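Worksheet: the structure to be examined is printed underneath.
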Amino acid sequence: MPRTTPAPPEASRGAPAEAPHREGDGIAGLFDRAAASYDRVGIDLLPAAGRLLVTHARITEGEHVLDTGCGTGAVLFPAARAVGPRGSATGIDVSPAMIERVRQRSAEQRMHWLRTHVADAEEPPRALLRPPADGYDAVTAGMLLSFLRRPERAFRGFRSVLRPGGRLAVSWWGPEAPGWYRVVEATRPFGPGTPEEIETAVAGQSPPQTPELVRRLAREAGFTSVELYEERLEATFRGPDHWWEWTWSTAARAFWESVPPDRLPSARAAAEKALEALRAPDGTLPYVLTANFAVCHR
């Protein structure tokens, strides 16, 4: 019988009141639960990384783009704006709630050339996607690598739907600014593993994301060359409450859901104590991390 975890306590202090977590519902369930607040807490990291991925992929007017693991559209909407109505932008994601967010937004913006499907990025049904006759001009995978159970298979699939000369553009998070790992260390005793280990348990085993891994995956899938880029991204949390709200809106919520409900207030208090050392003089929490990008050419 599946175990249920109650909604996070102290909703009035920034933790959203969420649906119960059902063990075994995997990555789709995780992002279904995050969908309502995902990208809606005033932190621009994912949208900024999405815009940069479209820039590095050199997506232009009239092209046909497939965005895998599209989430709420951090890459998909910049890509759709870049290709315009003469092109097409198709997004797929395993989370129905994420896809519904994209559909609502695309309807509001009247982007009739943007399409979405609930589908697994590792096994996208070709008939469902209806790629152009000679394939997509570009396939994008923004911050998807850590959720791929079989990245080798995924890269081969991405290449198979590209036209000759097409490109695959992927991104992944790099290191945070020094000091932020203290927050992870402070909360580690409250869960069955680190946030990274919990995410892996939910999403499936995936090797650490590095330029070397991406080069290998691209080479083995048959891509001819790889361009690598690195960007520094910054955000500012208003304070610990804002940071707490943000973590629940991301995949990091998998860690908080793994903490026994009666220990969650103590875990939060430990995190907030560690955050105090990171405060700026004005009380905010400056956050800096690296975003990595690779463009693989077929």
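The values are calculated or read from the model by the stated rules, or taken from the named source; none is laboratory data. Since this is a predicted model, take the numbers as computed values, not measurements. No Cβ is skipped: glycine too gets one built from the backbone with ideal geometry, and neighbour counts run over all protein chains shown.
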Which numbered condition trips up residue 167, out of (1) under 30 Å from residue 244 (Cβ atoms); (2) among the basic types (Lys, Arg); (3) within 21 Å of the chain's Cα centre (by Cα)?
(1)
Given the criteria assigned to a strand (DSSP E or B) and either touching a residue at least 24 places away in the same chain (Cβ under 8 Å) or in contact with a His (Cβ under 9 Å, 6 or more places away or on another chain) (or both), does residue 53 qualify?
no
If we keep just the residues of region 50-79 that are among the hydroxyl-bearing types (Ser, Thr, Tyr) and either buried (at least 24 other Cβ atoms within 10 Å of the Cβ) or touching a Lys or Arg at 6+ places or on another chain (Cβ under 8 Å) (or both), which is farthest from residue 29 (Cα to Cα)?
68
All positions within region 275-292 that are outside any loop (DSSP other than H, G, I, E, B) and either aliphatic (A, V, I, L, M) or farther than 21 Å from residue 178 by Cα (or both)
275, 285, 288, 289, 291
For region 16-34, state whether one or more residues are part of a strand (DSSP E or B) and at pLDDT below 95.
yes
Might you let me know whether region 37-44 holds any residue that is touching a residue at least 60 places away in the same chain (Cβ under 8 Å) and aromatic (Phe, Trp, Tyr)?
yes
Among the residues of region 275-293, write down those that are surrounded by 14 or more Cβ atoms within 10 Å (Cβ to Cβ) and in contact with a Pro (Cβ under 6 Å, 6 or more places away or on another chain).
275, 290
Could you say which residue among 121, 97 is in contact (Cβ under 8 Å) with a residue 24 or more places away in the chain and either within 18 Å of residue 50 (Cβ to Cβ) or of a type in the set (Lys, Arg) (or both)?
121
Report yes if some residue within region 36-58 is basic (Lys, Arg), within 19 Å of the chain's Cα centre (by Cα), modelled with pLDDT under 95 and more than 20 Å from residue 159 (Cα to Cα); otherwise report no.
yes
All positions within region 85-94 that are out of contact with any Lys or Arg (no Cβ under 9 Å at 6 or more places or on another chain) and either over 22 Å from residue 147 (Cα atoms) or surrounded by fewer than 24 Cβ atoms within 10 Å (Cβ to Cβ) (or both):
85, 86, 87, 92, 94
Mind telling me which of the residues 121, 82, 133 ends up being surrounded by fewer than 24 Cβ atoms within 10 Å (Cβ to Cβ), assigned to a helix (DSSP H, G or I) and hydrophobic (A, V, I, L, M, F, W, C)?
82
Consider residue 150 carefully, then state whether it is under 18 Å from residue 93 (Cβ atoms), modelled with pLDDT of 90 or more and among the basic types (Lys, Arg).
yes
Out of 118, 83, 102, report the one residue that is among the β-branched types (Val, Ile, Thr), over 18 Å from the mean Cα position of the chain (by Cα) and on the phi < 0 side of the Ramachandran plot.
83
Quick one: residue 110 ticks every box in (1) in a loop (DSSP other than H, G, I, E, B); (2) closer than 16 Å to residue 69 by Cα bar one, so which box is it?
(2)
Note: among 151, 164, just one is in contact (Cβ under 8 Å) with a residue 60 or more places away in the chain and either of a type in the set (Lys, Arg) or more than 26 Å from residue 97 (Cβ to Cβ) (or both), namely 164
